[in-house]
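The values are calculated or read from the model by the stated rules, or taken from the named source; none is laboratory data. In this text, all values refer to a predicted model and were calculated from it rather than measured experimentally. With ideal geometry, Cβ positions are generated from the backbone for all residues, glycine too; neighbour counts draw on all protein chains shown. Surface areas here come from the heavy atoms of the whole protein model, side chains and all, with no ligands, DNA or RNA. Shrake-Rupley method; radii C 1.70, N 1.55, O 1.52, S 1.80 Å.
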Amino acid sequence: MSEQRSAAEAYKTVTSEISAAVEALRDKDEIEAAKLEHSLARLDDRMRRVGERTALTRFAVDLHWESVLEAMWSEPWMRIRSAPKPDPEADPAKLDQYDRDLGTTYESLMQLITRRRFGFRR
């Protein structure tokens with residue numbers, strides 16, 4: 001004996017399947033949204049740290065530049081131009097190395113400036 005379903009029963013079956021699929025998609029979307037929120041929070045924190053590091057590096061460069069300008073003020077033969085612009089092609093992964101190079105170069109220059117035998121007045 002074959003059961004025939006009424007149109008209303010078939011409609012209820014189809015709509016309940018659609019509702020279940022919609023609910024499953026909502027659950028999946030909620031999980032994905034939570035993952036994305038977590039990723040966004042991590043990226044936001046990273047961006048904040050990068051911004052702080054950029055500001056500190058820029059401050060150190062400006063401080064060193066001003067110090068060199070002050071040290072070279074008494075050398076009229078030396079033409080000092082404005083500070084160079086940041087290199088947009090610089091590798092951000094090498095920022096620590098660039099900071100070390102800045103410090104080393106600054107120390108070497110200051111040692112040369114303070115030596116009398118090279119003709120610098122102090």
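Things to note:
- A cut-off under 12 angstrom between Cβ atoms defines the neighbours of Phe59, and their net charge, with Lys, Arg +1 and Asp, Glu -1, is -2.
- Of the chymotrypsin sites (Phe, Trp or Tyr not before Pro) found in the stretch 21-73, those in coil by DSSP whose Cβ has at most 14 other Cβ atoms within 10 Å are Trp73.
- The chain: angle of helix 95-114 to the longest principal axis, Cα-based, in degrees nearest 10: 10 degrees
- Length-normalised contact order for the chain - Cα pairs under 8 Å, 6+ apart - percent: 21 percent
- Separation of the Arg46 and Lys94 label points, Cα + 7 Å toward Cβ, nm: 2.2 nm
- When Ile80, Ile31, Ile113 are compared by accessible area of protein heavy atoms, the largest-first order is Ile31, Ile80, Ile113, using a 1.4 Å probe.
- The lysines within cross-link reach of Lys94, meaning a Cα-to-Cα straight distance under 18 Å and a gap of 8 or more places when in the same chain, are Lys85.
- In the stretch 38-122, the GluC sites (Glu not before Pro) that fall in loop regions by DSSP, at most 12 other Cβ within 10 Å: Glu89
- Counting only alpha carbon atoms, the long axis of helix 7-72 and the longest principal axis of the chain meet at about 0°.
- Heavy atoms of the protein chains alone define the surface here; on that basis the stretch 7-64 has 88 Å² accessible area per residue at 1.4 Å probe size.
- Averaging Cα coordinates gives a centre for the stretch 47-66 and one for the stretch 3-20; these two points are 66 Å apart.
- A crude spin-label estimate for the pair Asp87 and Val14, with each label 7 Å from Cα along the Cβ direction, gives 6.7 nm.
- Loop-located trypsin sites (Lys or Arg not before Pro) in the stretch 1-63 (DSSP state not H, G, I, E or B) with no more than 13 neighbouring Cβ atoms inside 10 Å: Arg5.
- Accessible surface of the chain, 1.4 Å probe, proportion on carbon and sulfur as whole %: 58 percent
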